[in-house]
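The values are calculated or read from the model by the stated rules, or taken from the named source; none is laboratory data. Since this is a predicted model, take the numbers as computed values, not measurements. Cβ placement follows ideal geometry from the backbone for every residue including glycine, while neighbour counts extend to all protein chains displayed. Keep in mind that these areas ignore ligands, DNA and RNA; they rest on the heavy atoms of the full protein, side chains included. Shrake-Rupley method; radii C 1.70, N 1.55, O 1.52, S 1.80 Å.
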Amino acid sequence: MKHYVLLFCDPGIDDAMAIMLAIMHPQIELVGIVTSYGNVTKNQSTINAEYILKVAGMSHIPVIPAAFRSFSAFEEVSYPEIHGVAGLGSIVPEHHFPGNRLGFDTIRSILTTYNRQLTIIELGRMTALASAFNLYENEFSQVKNVFIMGGAFFIPGNRTPVAEANVYGDSVSARFIFRFLQTTIAPLNVTSQAIITPPLIQRLTSHPTFGSTIQAILSVYIKYYQEKHPQLSGPPIHDIVPLLIMVNPSLATYVSRNIEVITMGEATGMTVIDLRPDSPIGQQKIAWTINQKQLLQDYENAMFGFYAGG
Ligand code: BDR
Ligand code: CA
């Protein structure tokens, strides 16, 4: 089965790895990339997406620059020590590439064109997704599925003690999405297990299309994780998980609950669900456990074009 994917993202290293996965996956057709602020500025994330497409020889794919700031009105901080100075490790793309850069209303055309076949994947702050949903409510009602990387449930956050970075970065938009749109969520609980170990990294760096790009992209990220999280066997590539569970849902187990997002005070960005034994089933499907070994196997299979699963 082919999955037609419109990808919202903020590349950033793991977003860039997810774009490469979407390009390589035999069961995914990437129909557009919506780029926003997040790991880097909106302008840089747009350039970075265009850079990856150019390496792949896929510059015809539409790139849609979208949100430049959070509705929570936070000043964004960037993390050059994690993502590199321009968000792609040691790569600094100098200018934008002749590509297919299009306006925001292209999202509506894509929704209409692909209709019930379209899956939306969100890998960054949810500002652009919330805006599109607010504007194109009727078109969204036809979308097949929405997958999101975000949230942390009953575990420490990665941006604050209680908040995951994507939800923290625009808690207002996250709250809006979780209130009104049915989604499948890959929270930190499962994405932190998408760890690429040195042998896998070595194989990825000899990839025929992306090998040298992956090597340069991962250099800063690997170093950061070695220094700050030496207990891990490698860096987590959070943003590949929604794509992999879309194609192979049996990689994860799920709980279905409504999600509340804290939008003010110390706990801003915290995602809250009611998991008491008698609590009602809700509209968000949350990946709860993941088969780490199979996840990484699916990832490698897809990157090297011999995926045969789900
Ligand atoms: C998420 O935050 C971003 O920095 C990463 O790209 C990923 O989408 C992980 O919390
Ligand atoms: Ca991201």
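Structure values in brief
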{"quantity": "Any hit, the range 4-12, residues being within 16 Å of ligand 2 (Cβ to nearest atom) and over 22 Å from Arg159 (Cβ atoms)", "calculated": "yes"}
{"quantity": "Single match in Pro249, Pro277 (criterion: under 19 Å from the mean Cα position of the chain (by Cα), surrounded by fewer than 19 Cβ atoms within 10 Å (Cβ to Cβ) and more than 22 Å from Ala163 (Cβ to Cβ))", "calculated": "Pro249"}
{"quantity": "Considering residues of the range 151-177 that are more than 16 Å from the chain's Cα centre (by Cα) and among the aromatic types (Phe, Trp, Tyr) only, the residue most open to solvent (accessible area, probe 1.4 Å)", "calculated": "Phe154"}
{"quantity": "Candidate set: the range 35-61, residues that are among the hydroxyl-bearing types (Ser, Thr, Tyr), in contact with a strand residue (DSSP E or B) (Cβ under 6 Å, 6 or more places away or on another chain) and assigned to a helix (DSSP H, G or I); chosen: the one farthest from ligand 1 (Cβ to nearest atom)", "calculated": "Thr46"}
{"quantity": "2 or more residues free of Cβ contacts under 8 Å to residues at least 60 places away in the same chain: qualifying helices (runs of 4 or more DSSP H) within the range 197-268", "calculated": "198-204, 211-228"}
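Residue by residue, here is whether (1) touching a strand residue (DSSP E or B) at 6+ places or on another chain (Cβ under 7 Å); (2) open to solvent by less than 10 Å² (accessible area, probe 1.4 Å); (3) within 20 Å of Asp170 (Cα to Cα) holds:
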{"residue": "Ile201", "(1), (2), (3)": "no, no, no"}
{"residue": "Leu204", "(1), (2), (3)": "no, yes, no"}
{"residue": "Ser212", "(1), (2), (3)": "no, no, no"}
{"residue": "Val220", "(1), (2), (3)": "no, no, no"}
{"residue": "Leu232", "(1), (2), (3)": "yes, no, no"}
{"residue": "His238", "(1), (2), (3)": "yes, no, yes"}
{"residue": "Val241", "(1), (2), (3)": "yes, yes, no"}
{"residue": "Tyr254", "(1), (2), (3)": "yes, no, no"}
{"residue": "Val272", "(1), (2), (3)": "yes, no, yes"}
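Conditions (1) within 28 Å of Ile273 (Cβ to Cβ); (2) away from ligand 1 (no atom under 13 Å from the Cβ); (3) aliphatic (A, V, I, L, M), marked per residue:
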residue	(1), (2), (3)
Arg101	no, yes, no
Leu111	no, yes, yes
Ser131	yes, yes, no
Gly150	yes, no, no
Gly157	yes, no, no
Ala163	yes, no, yes
Ala174	yes, no, yes
Ile177	yes, yes, yes
Phe180	yes, yes, no
